[in-house]
1. Using the structure shown, decide if ILE117 is free of Cβ contacts under 8 Å to residues at least 60 places away in the same chain and outside the structural domain of VAL255 (by TED's automatic domain parsing).
2. When you go through GLU42, GLU51, GLU56, GLU24 one by one, which is the residue that is modelled with pLDDT under 95, assigned to a helix (DSSP H, G or I), within 27 Å of the chain's Cα centre (by Cα) and not assigned by TED's automatic domain parsing to the domain that holds GLY219?
3. So, SER155, is that one of a type in the set (Gly, Ala, Ser), farther than 15 Å from TYR260 by Cβ, modelled with pLDDT of 95 or more and surrounded by 13 or more Cβ atoms within 10 Å (Cβ to Cβ) or not?
4. Given the residues VAL227, VAL257, which is the only one that is of a type in the set (A, V, I, L, M, F, W, C), within 18 Å of PRO186 (Cβ to Cβ) and either outside the structural domain of TYR85 (by TED's automatic domain parsing) or out of contact with any His (no Cβ under 9 Å at 6 or more places or on another chain) (or both)?
5. For PRO186, which of the numbered conditions (1) exposed (fewer than 15 other Cβ atoms within 10 Å of the Cβ); (2) farther than 21 Å from PRO96 by Cα; (3) modelled with pLDDT of 95 or more; (4) not aromatic (Phe, Trp, Tyr) fails to hold?
6. Only one of these is surrounded by fewer than 16 Cβ atoms within 10 Å (Cβ to Cβ), closer than 21 Å to THR92 by Cβ and either among the small types (Gly, Ala, Ser) or in contact (Cβ under 8 Å) with a residue 60 or more places away in the chain (or both): GLU170, GLU165. Name it.
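The values are calculated or read from the model by the stated rules, or taken from the named source; none is laboratory data. Model, not experiment: these values are computed from the prediction. Here the Cβ positions follow ideal geometry from the backbone for every residue, glycine too, while neighbour counts run over all protein chains shown.
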Amino acid sequence: MNKFARALGVSVLAASILSACGAENSTMSSSNQSNNENESQEVKNDTSAKEEDTNEQKEAEANIEVTSETFGSWEDSIGSIYASYSAEVTNTGDKPAEIGDIQVNLEGDDGSIIGTIPMVMATPDIIMPGETAYLGETTLLEGASSADEIKTANSNIDFSSTDEEPMMLETDKVKLKEGDVEYGTPYIVTGTVINPNEEKADDIRIAAGLYDENGKFLGALNGSIQVSLNPDGKAGFELSYPELPKDIAGKATEVKVKAYNWSF
């Protein structure tokens, strides 16, 4: 009997330990309830807070939308056919967006591809939430028989969320001038770019969005300057590339400029 009693006592003790361990595990899960109401409520509150933090992290993502775009095509004096594409893109997400590869498709009436514009760059290439960037490029269409073949254009933009921020620069004394329509430069944008940062800017890229008096987006120009800027340094810039359709000549009344320092 003494041996049996001792064995029974050990069994009861072991069962008690296992039961206690099981109760501790249950308080760590929001799907089970604890025998202690107060402990259970505290665990639920803590779990709910963690779930809310997790949901907020999941929701904080970048999202790129093309808010305005325009394209045009034309034939030059020797019969070569060109097409241009410009866009204003906006980060409608909650995190900075890093822009990757961009390709523009130029399509005919039936949706067939007349040509593409590869290697399109965004200025800036990292877009903060609520901010915009400009795309603008022109290409020679080898396979097109007529400029009228192109009926629509659309862009494919790769992007990802990032924790990085662009090194933005300031601009001053920006002026919009009329150019030479016959050479594909209906507008020229000039101004001064200034480095307000504590770091040196050594690869400066600039883009200008053109708008009419009603705020309609007409196209984008882009370029760079060849000099580096130390903190508080400044330099002049002139934008006339890429070529833009003749039919926007005389319509632009406003220009918005973006400038930043590109880096790997």
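1. yes
2. None of the others qualify; the one that does is GLU56.
3. Yes, satisfied.
4. VAL257
5. PRO186 satisfies every listed condition except (1).
6. Unique residue meeting the criteria: GLU165.
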